[in-house]
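One structure is given here, and the rest of the page talks about it.
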Amino acid sequence: MKPRLHIHTELESELVLLGGADRVGLLAEIERLIAYLRRAPFPLLRDIALTTGLAAHEALSRAAIVATSTADLLDKLLLLQRRLNEGRERSLPGKGVFLGTDLCPAPGRTVFVFPGEGSQYPDMLRELCLHFPACRSAFDDADTASALAGSPLPPSQWIFPTGQAESPSGAGLDMAGAIQAVLAADTAFLRFFTQLGIVPDAVVGVGVGEITALECAGAIRFKNRSERLQALRDGYTLLKGIAESPRNPVCACLSSEGLHREGLDLCLAPFGEQVVIARDHSANLFGLCVRKPEAETVTQALREAGATVRSLPLNQPYHTPWMDHVLPDLTAFFTRLVNREPGVPVYSCMTAAPHAVDLTALAASAAAQWTRPLRFADTIQRLYDDGFRVFVELGARGSLAASIDGILHHRPHVALAANRVHRSAIQQLHITLAVLATHRQKVDVAQLHINRGSQPLDLSRPRPTHAQRAERTLPVNTLLPSLRAAEVPKGLVAPQAPVPVGQRRQAASERGGKPETGGRTDFPLLLDAETIGTATPDAIALVTSLSILDQPFLADSAFGSSSVSLTDNTLRGLPLMPAGMLAEMMAEAARKLAPDLVVVAIESFSMPRWLVVEASTRSIQIRARRLPGNAGGISQFETQVLDRERAIETPGDAVLAQAVVSLAMDYAPPAQPPRVLALRGPIKLDWQGADLYPARLHHGPSFQNLQAIPEWGENGLVARWVALPRGSLVRRTATPRFSVDPVLLVGVGSALMAWDAREPASGAMQLPVAFDRIEFHAPPAAEWERGQMMIFLDRREPEAVRGDAEMTDAEGRLLCRVAGWTNRVFRIHPSLHNLLLHPAEGFLSREVPQKLLPALPQEVICRITDAFPATLVGEADDLWLRVAAYLTLSLTERLKWREMGGTPQRRAEWLLGRIAAKDCVRHCLQTRYGRRWAAADIRIETDEAGKPCPQGEWRRHCGARMDISITHTLDHVVAAVAPNACLGIDIEQHTRAISDDFAAAAFGATEQEIAAESGEGATALFRFWCAKEALVKALGTGLRYGASDLLVRSYDRAGGRLTIEATRLWTQAFPVLRNRPIYVHSCLLENLVLAVCVLEPDLAAEPRTIG
């Protein structure tokens, strides 16, 4: 048993609620807090959070901010103030800013959803138990009850492990113990939310979560803790007996995802009673119980049918008729347990309806749930039909909230998870409470500040707040076995996933355009566009904003569209507007002038600049002008997409895309039949989807419409395409009516990329820039319609690939014909290309082999990367520099990088240094601890002395302190990491000349003599200089006390070791270094000198102040 840990008064983030009687009052409160923060000398964030939270408790108009510091709070307040003044009243969850959203305009009744078996995981709710006694007490009860039942392993020993390697979910716990762990997490949240004053209008429990749901509804009440412990003990004993019953079949529990119920039933039919569907989580996610002998065969059959199958940490046939033999025991247990009529409706996942209020019937139904399949999707649908709109998952992991989003994704709702397995428990709690508060749920924020020393402030009278306050220790009545302190660094709140698309349908009065036709919404990319100037029958100018929130397809067109982080699956690479979507946008603008016509051709399409959405939003203009003439009943329109800011400041440099769009009353049949493609030098490829995405193409799921490429030739290729669902492309509507098929057009550029990608990640990266003409002979294909695409290669040049394309349907009918499609070819480094395709796995730097490094006293990992070629820095608005940044930087680092001034070369140098350092830490974590992390998971911050230090969620899983050092020359950047040491490195090009003045200032006569005797001449002096630089970096001071007082006393050329003595000011600042030799190691890497200094931490203690 470890001694009780100190409970810190400061949390990694704070929930700041703001409120007013109306929007004007809310804005006034925001302005008052901004004024206070600008005048108050030393405000504590927790004091501000308590003060504003108490004032906002009864407010009708609310905003919420999750902040990590007072500076962070001020930045977000200014952002919130600006958006409210501009009338943009929308939450920014990625920035930790929340308002009452338009997704759920009415307050909406609230449902608590309690998860069941399988939601447990190691370290769940750790931070909450450290800070909040209500959460902690539930785990104490689980431990005590397990001990009373004779369990050899208290649940907390598995939940809060101490070893370096953590058990897989459920390992080490029997089923009864795992269920105790689930109940503890559910109960912890129930107690804490009750303490916060948040009450539901209904409850539902999944599996064992129904016990907590019944308690929440008041159907289960305990007179005292002893009675609760006895009930938990009896439940553990009952479950233990069930698990050991010889009448239970030996079974495996599986999860099947991807098949709908009809397909699943068809796949499982041959197995008869050997497999049972125990749970349906959504339309295509099910839990199965399979008799053990058939488990492998069933798994194989499901995978062949297209399902994703994984084994669950369960081995009991819960929620199946195979449990009928224990129904009497379960009924007796629930009859003793249920002792009150519920105060709020309790919905049953067995019947997808409310439980009866009669106690006997309620107990019987609760027991029967263990012997019948769970209908979670139907239950959520019934709750929605009954008027519930806000769903809060109270338990560990947070997987049910995602299922609820999937079930209700077309309808307005809010689905929240109080806990996420890959996010800090404190931050996730604050985010959940922020959303609830802005949806008019009263939250008693004072409960977040108990025992933390928070004090209310008078915001009208700024005064200093004393940092040295008496901290009160959290009263915890028992020790938490093997609990280690969580080290979660400060940083911006990780962004939530984009709000599920199609959740709100605009009213006709809001659309201001043509009503929906055939149930579909016309002009889907221009729904929020506003007309600027005066529209005429022949010309129109529109302005709109692009964001991943409103246009989720941008996330799938990003460089690194798969998640660039393993801890935040919403973090994406740099979003680039696809050429197909730009063509669609210009087609819609033309149709605004002739809405009854259809698009029959687009020609002279070009993209002079890249349209990237680097900030949260980007404002653009779209213009359309009718051209004179109407030959053959075809009207032509000149269209442009422009950067709005540049259109005002430098109109000639503002065009992002331009084309001529032709409209007619109907599609014309093709003048010529489809061409025959005779491949030259044909090769059978048989590439399937997995061979293309992401192995060769960077597009995300929304644009992965190339199903296969069976054949390739020197003059083209044959591909098979599928029309993907379009309901998830834009947020404003789930039924868009596109003027063309933008996804199919993206597929043309993808097919040309694939033609040139027989070798994956070769460094030849293509992006569409133009096409001559596209003729459309039919409307966009229906969803899931399939067809064939033929690419006719015109020419392949070093900087461009050009070709024609024809798309036919399954019957061979020509749908559209493309002439002169051109992709520009960028020559980037293969490591950057690989990182773009595999952002969570690739490394931009390369390891310096250990055999090339000098002999060091301990483990040091060193990596080197080449500087960006001059042809790419400054090229295309620094596109590839920004791509690399968004593939590797965390959210806070992105903000810093975007605000950084200086030349592109300076920004590239800073970026590559961070990337090399991140790669070193990732390399060390992978080799030392066997854990894989992405570059964006490693956040590089600087300490007070300016020394870089790595931070991130990974520190919770690492037993060592990582020290990093970064150095660079014009052509290379090198970084290194050393666990549990103080590290400094430096490099220089030893081939350049050293001036006499520099040598005289930097080196004494004795040092110059040692260099001369070494036989290396100037190279030795470079070693000496790098050694001094490496030493001061390890000390964390830089050359604060001068280089001349660090004296090289000896140099071993064979081993590369230098001995340095610190003198004068250095020994005054670091007395421990007096009369102590300091060893620095050096080596030669091609034309570079590399010096590495590794010090014990006590040698690099904070320097003394020299008076």
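The values are calculated or read from the model by the stated rules, or taken from the named source; none is laboratory data. Computed from a predicted structure; not experimentally measured. Ideal geometry is used to build each Cβ from the backbone, glycine not excepted, and the neighbour counts take in all protein chains shown.
Name the residue, out of Ser545, Ser563, that is more than 27 Å from Thr822 (Cβ to Cβ), at pLDDT below 90 and among the small types (Gly, Ala, Ser). Outline the logic, then answer.
Working: Ser545 fails: at pLDDT below 90.
Ser563 is the lone residue from the list that is more than 27 Å from Thr822 (Cβ to Cβ), at pLDDT below 90 and among the small types (Gly, Ala, Ser).
The set of residues in the range 1021-1075 being within 16 Å of Leu1099 (Cβ to Cβ), of a type in the set (D, E, K, R), modelled with pLDDT of 90 or more and not in a helix (DSSP H, G or I) consists of Glu1061 alone. When the residues of the range 793-803 are filtered to those that are under 16 Å from Ala819 (Cβ atoms) and without any contact (Cβ under 8 Å) to a residue 40 or more places away in the chain, the one that is surrounded by the most Cβ atoms within 10 Å (Cβ to Cβ) is Arg802.
Tell me which residues, restricted to the range 249-286, are closer than 17 Å to Val208 by Cβ and either surrounded by fewer than 20 Cβ atoms within 10 Å (Cβ to Cβ) or among the hydrophobic types (A, V, I, L, M, F, W, C) (or both). Give the steps one after another, and end with the answer.
First pass over the range 249-286, keeping only residues closer than 17 Å to Val208 by Cβ: 253, 278-279, 281.
Correct list: Cys253, Ala278.
Only one of the listed residues (Glu811, Glu759, Glu859) is in a loop (DSSP other than H, G, I, E, B), without any contact (Cβ under 8 Å) to a residue 12 or more places away in the chain, over 30 Å from Thr570 (Cα atoms) and not assigned by TED's automatic domain parsing to the domain that holds Leu1085. That residue is Glu811. Listed by first and then second residue, the pairs with beta-carbon distance under 7 Å, at least 6 apart or on different chains, first residue in the range 967-981 and charged (D, E, K, R), second not in a strand (DSSP E or B), are Asp971/Ala867. Whether any residue in the range 236-250 is in contact with a Cys (Cβ under 8 Å, 6 or more places away or on another chain) and not basic (Lys, Arg) is what I want to check. No, because not a single residue in the range 236-250 is in contact with a Cys (Cβ under 8 Å, 6 or more places away or on another chain) and not basic (Lys, Arg).
Filter the range 778-787 down to residues that are of a type outside the set (A, V, I, L, M) and surrounded by fewer than 17 Cβ atoms within 10 Å (Cβ to Cβ) and give me whichever is nearest to Arg737 (Cα to Cα). Break it down stepwise before answering.
Taking the range 778-787 first, the residues of a type outside the set (A, V, I, L, M) are 779-780, 783-787.
Narrowing the set further to residues that are surrounded by fewer than 17 Cβ atoms within 10 Å (Cβ to Cβ) leaves 779, 783-786.
Details: Pro779: 10, Glu783: 12, Trp784: 16, Glu785: 16, Arg786: 19 Å.
Among residues in the range 778-787 that are of a type outside the set (A, V, I, L, M) and surrounded by fewer than 17 Cβ atoms within 10 Å (Cβ to Cβ), the one nearest to Arg737 (Cα to Cα) is Pro779.
From the list Glu1013, Glu1007, pick out the single residue that is modelled with pLDDT under 85, part of a helix (DSSP H, G or I) and over 26 Å from Val973 (Cα atoms). Steps first, please.
Numbers: Glu1007 fails: modelled with pLDDT under 85.
After applying the criteria, what remains is Glu1013.
Scanning the range 137-156 for residues that are hydroxyl-bearing (Ser, Thr, Tyr) and either closer than 24 Å to Leu190 by Cα or modelled with pLDDT of 90 or more (or both) yields Ser137, Thr144, Ser146, Ser156.
When you check Ala659 against the structure, is it buried (at least 24 other Cβ atoms within 10 Å of the Cβ) and either in contact with a strand residue (DSSP E or B) (Cβ under 6 Å, 6 or more places away or on another chain) or at pLDDT 95 or above (or both), yes or no?
Values: buried (at least 24 other Cβ atoms within 10 Å of the Cβ): yes; either in contact with a strand residue (DSSP E or B) (Cβ under 6 Å, 6 or more places away or on another chain) or at pLDDT 95 or above (or both): yes.
When the stated conditions are applied, Ala659 passes them.
From the set of residues in the range 1-34 that are in a loop (DSSP other than H, G, I, E, B) and closer than 16 Å to Leu128 by Cβ, which is modelled with the highest pLDDT?
Going through the range 1-34, the residues in a loop (DSSP other than H, G, I, E, B) turn out to be 1-13, 21-22.
Subset that is closer than 16 Å to Leu128 by Cβ: 5, 7-13.
Details: Leu5: 36, Ile7: 41, His8: 47, Thr9: 61, Glu10: 76, Leu11: 85, Glu12: 83, Ser13: 90.
Filtering the range 1-34 for residues that are in a loop (DSSP other than H, G, I, E, B) and closer than 16 Å to Leu128 by Cβ, the one modelled with the highest pLDDT comes out as Ser13.
Exactly one residue among Ala1091, Ala1054 is small (Gly, Ala, Ser) and touching a residue at least 60 places away in the same chain (Cβ under 8 Å), and that residue is Ala1091. When the criteria are applied in full, Glu811 fails the requirement of being more than 23 Å from Leu697 (Cα to Cα) and touching a helix residue (DSSP H, G or I) at 6+ places or on another chain (Cβ under 9 Å). Residue check: Tyr384 meets all listed conditions (1) buried (at least 20 other Cβ atoms within 10 Å of the Cβ); (2) farther than 28 Å from Ala269 by Cβ; (3) hydroxyl-bearing (Ser, Thr, Tyr); (4) under 38 Å from the mean Cα position of the chain (by Cα) but one, namely (1). Checked against (1) farther than 27 Å from Thr808 by Cβ; (2) surrounded by 11 or more Cβ atoms within 10 Å (Cβ to Cβ), Pro628 passes all but condition (2). The residues in the range 398-421 that are touching an Asp or Glu at 6+ places or on another chain (Cβ under 7 Å) and assigned to a loop (DSSP other than H, G, I, E, B) can be counted, and the count is 1. Mind checking whether some residue in the range 207-217 is under 20 Å from Ala332 (Cα atoms), of a type in the set (Asp, Glu) and at pLDDT 90 or above? Taking every residue of the range 207-217 in turn, at least one turns out to be under 20 Å from Ala332 (Cα atoms), of a type in the set (Asp, Glu) and at pLDDT 90 or above.
This table checks each residue for (1) farther than 24 Å from Gln989 by Cα; (2) in contact with a Gly (Cβ under 9 Å, 6 or more places away or on another chain); (3) acidic (Asp, Glu).
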{"position": "Lys1028", "(1), (2), (3)": "no, no, no"}
{"position": "Gly1036", "(1), (2), (3)": "no, yes, no"}
{"position": "Gly1055", "(1), (2), (3)": "no, no, no"}
{"position": "Gln1068", "(1), (2), (3)": "yes, no, no"}
{"position": "Val1072", "(1), (2), (3)": "yes, no, no"}
{"position": "Val1080", "(1), (2), (3)": "no, yes, no"}
{"position": "Val1092", "(1), (2), (3)": "no, yes, no"}
{"position": "Glu1096", "(1), (2), (3)": "yes, no, yes"}
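Filtered by the rule that a residue be within 23 Å of Asp280 (Cα to Cα), among the aliphatic types (A, V, I, L, M) and in contact with a strand residue (DSSP E or B) (Cβ under 9 Å, 6 or more places away or on another chain), the range 326-355 gives Val346, Met350, Ala352, Ala353.
Within 15 Å of Cys289 (Cβ to Cβ), modelled with pLDDT of 90 or more and among the aliphatic types (A, V, I, L, M) - does that describe any residue in the range 363-374?
Yes, the conditions are met somewhere in the range 363-374.
Contact map, the range 600-613: residues that are part of a strand (DSSP E or B) paired with residues that are among the basic types (Lys, Arg) and surrounded by fewer than 22 Cβ atoms within 10 Å (Cβ to Cβ), Cβ distance under 6 Å, separation 6+ or inter-chain. Pairs shown: Glu603/Arg773.
Taking the range 245-272 as the region of interest, how many residues are part of a helix (DSSP H, G or I) and touching a helix residue (DSSP H, G or I) at 6+ places or on another chain (Cβ under 9 Å)? Explain how you work it out, then say what you get.
Going through the range 245-272, the residues part of a helix (DSSP H, G or I) turn out to be 261-272.
So of that shortlist, the ones also touching a helix residue (DSSP H, G or I) at 6+ places or on another chain (Cβ under 9 Å) come out as 264, 267-268, 270-271.
Qualifying residue count, the range 245-272: 5.
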